[in-house]
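To start, the structure itself, in structure tokens.
Values in this text are rule-based calculations from the coordinates and carry no lab data. No experiment lies behind these values; they were computed from the predicted model shown. Here the Cβ positions follow ideal geometry from the backbone for every residue, glycine too, while neighbour counts run over all protein chains shown.
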Amino acid sequence: MKKLAGLLAFAVALAVAILVTQYYTMKTRPPEPPPVAPAPPAQPAPTAAPAEGASAPVAFKSQLVTLDLSARKATVSLLLERGPSTPAPGSLWVWAYFFTQETAGKYCEGSPVEIKKPFGTGGSRARMTVEFNVANCPAPRTPSTTFYARVNVSPESSFAARLPEQRISYDITQASPVMLQGARK
């Protein structure tokens, strides 16, 4: 009977030791990450290139931006570039807005201008100058007033080229300085 009681005491002590170890191990173990959902199946590569005129990405850089306040006109010179394997878009729409730090929250703009066949007969680079009318430009307060422009180009539509109000930014680090012409009094 003593052996049976000793064996039972040993089994109870072992069970308690295992439970205590599991309790403290669970408290210190970091939670397991949730299971990762399986990745969606890969899309097959397109076999045919999109037709000309289809929306294709185009990179652009403003080279020179001018604003003629007296004539209410703006000119934007652009360097356009597309990937050599992407089709040339049939049209591009260019839009720009102009602002100065003196008149925070105010800008002037024109309507988006459509450029048909911007890459001509081929090539992956093109240079072009776009001119458009602007309205409601704030008058410069001093002769040293600097205007800035933010330019947007879209191969999709004139609506896509124009930025909505919530995306209008007055951050001059992402804007192009403007050459002012014909400042009005």
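For this structure, a couple of remarks:
- Spin-label model distance (nm) - Phe159 vs Lys2, 7 Å beyond Cα toward Cβ: 9.6 nm
- Between the range 99-136 and the range 57-93, the C-alpha centres lie 6 angstrom from each other.
- Extent of the range 106-172 along its three principal axes (Cα atoms, max minus min coordinate, largest first): 46, 27, 22 Å.
- Once Rg and the Kirkwood radius are both taken over the C-alpha atoms of the range 59-181, their ratio Rg/Rh works out to 0.99.
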